[in-house]
1. Across the chain, where is the longest run that never hits GluC sites (Glu not before Pro) in a DSSP loop with at most 15 other C-beta atoms within 10 Å?
2. Counting each DSSP H run of 4 or more residues in the chain as -39500 (n - 2.57), what helix-only mean residue ellipticity at 222 nm follows after dividing by all residues, to the nearest 500 deg cm²/dmol?
3. Out of all DSSP beta bridges in the chain, what portion is antiparallel? Express it as a percent rounded to 5.
4. GNM, the chain, Cα, under 10 Å: largest mean-square fluctuation among Ala95, Ala194, Ala221?
5. Just Val167, Val81, Val35 to compare: in a GNM of the chain, with alpha carbon springs under 10 Å, which one fluctuates most?
6. Calculate, for Ser131 and Ala32, the FRET efficiency according to 1/(1 + (r/R0)^6) with r their C-beta to C-beta distance and R0 51 Å; round to the nearest 0.05.
7. Take the alpha carbon gyration tensor of segment 79-165, find the square roots of its eigenvalues, order them as a ≥ b ≥ c, and report rounded if a/c is under 1.5; if not, report prolate when a/b exceeds b/c, else oblate.
8. Using the Cβ atoms and a cut-off under 11 Å, what net charge is assigned to the surroundings of Gly58, where Lys and Arg are +1 and Asp and Glu are -1?
Amino acid sequence: MSAPRPTHDRPALDPGPMIALDRVSRSYRRGASEVHALLDASLEVPEGRFVAFMGPSGSGKSTLLNLISGIDRPSTGQVRVGGRRIDRLSEDELARWRARHVGLVFQFFNLMPVLDARDNVALPLLLFRLSREERRRRAELALRVVGLADRLEHTPNMMSGGEQQRVAIARAIVTDPDLIVADEPTGDLDARSAEVVLGLLRTLRQELGKTVVMVTHDPRALRFVDMVFHLDKGRLLLGHEADRAQRALQAALGVDEKGTGAVAANGAAGGRGR
Ligand code: ADP
Ligand code: MG
């Protein structure tokens, strides 16, 4: 029998890319004018990759992430996740879809202060028909995955920022989602905790086969991810624009690493040039 890992049974057939955006735009009305938060973005991410979206503040990173995780819907264009057109789902369908398929991680952890780690992690399981015993068992397993099996009964105020973010990651994986979506998960952490969190996200991809998409400002993320997409002013950068952004990041990191990022993003990712 298969190893006792909390992965889904996956179809043997090639399921296509995990994430596929086709000419996706999202604009917001602000008074009389329109803000184009994301403009004509197309990209593909294969299953089981760890991907970073990078770019300056206001470049549309969170907008893009919210479209992928089904928190928001595009103004135009198609969003497919796991082969499903999620841009067509109603609010209710989208909420149900998210509960089953997506684990969310936020910059400020968003843990419930009165609940201990185990109860925080068990929260998303309330949407499923499981006994309290089973919810606790699964929460403990998820906390073990993030290395916090010895913190089950700690409340958030008894833990460091790095530990709290690991609890939040346990909460994101407890439902065994296909996709982990993290918006600036290291934005509020010191350097060492940030590396631990990035390493953990990479482990989820390597050991559990999760697809992990993350927004970050942190050049250190380059060492951990498989692909990087660069954004600027609501546009996904391609070709040399992406290469230039990638080189600037590598310079910021102070190393001359092999070109995993923009190159992979435009090649393996199939970021389609237009
Ligand atoms: P980032 O995450 O890269 O900092 P965002 O995706 O949050 O950028 O925002 C991109 C642009 O869209 C910004 O100009 C922002 O002000 C605008 N924007 C984002 N969300 C909204 C909203 N709900 N209403 C109006 N404008 C928004
Ligand atoms: Mg943002």
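1. Details: sites that count: Glu153, Glu257.
Counting only loop sites that pass the neighbour cut-off, the longest clear stretch is 1-152.
2. Numbers: 8 runs with 91 residues, N = 274.
The helix-only estimate for the chain comes to -10000 deg cm²/dmol at 222 nm.
3. Numbers: 18 of 35 bridges.
Bridges in the chain that DSSP calls antiparallel: roughly 50 percent.
4. Looking only at Ala95, Ala194, Ala221, the biggest GNM fluctuation is shown by Ala95.
5. Val35
6. For R0 = 51 Å, the calculated efficiency reads 0.40.
7. Details: a/c = 2.39, a/b = 1.77, b/c = 1.35.
It comes out prolate by the Cα gyration axes.
8. So the surrounding residues net to +1.
No value in this document is a laboratory result; all are computed from the given coordinates. Since the model is a prediction, treat every value here as computed from it, not as a measurement. Every residue, glycine as well, gets a Cβ built from its backbone with ideal geometry; the counts of neighbours run over all protein chains shown.
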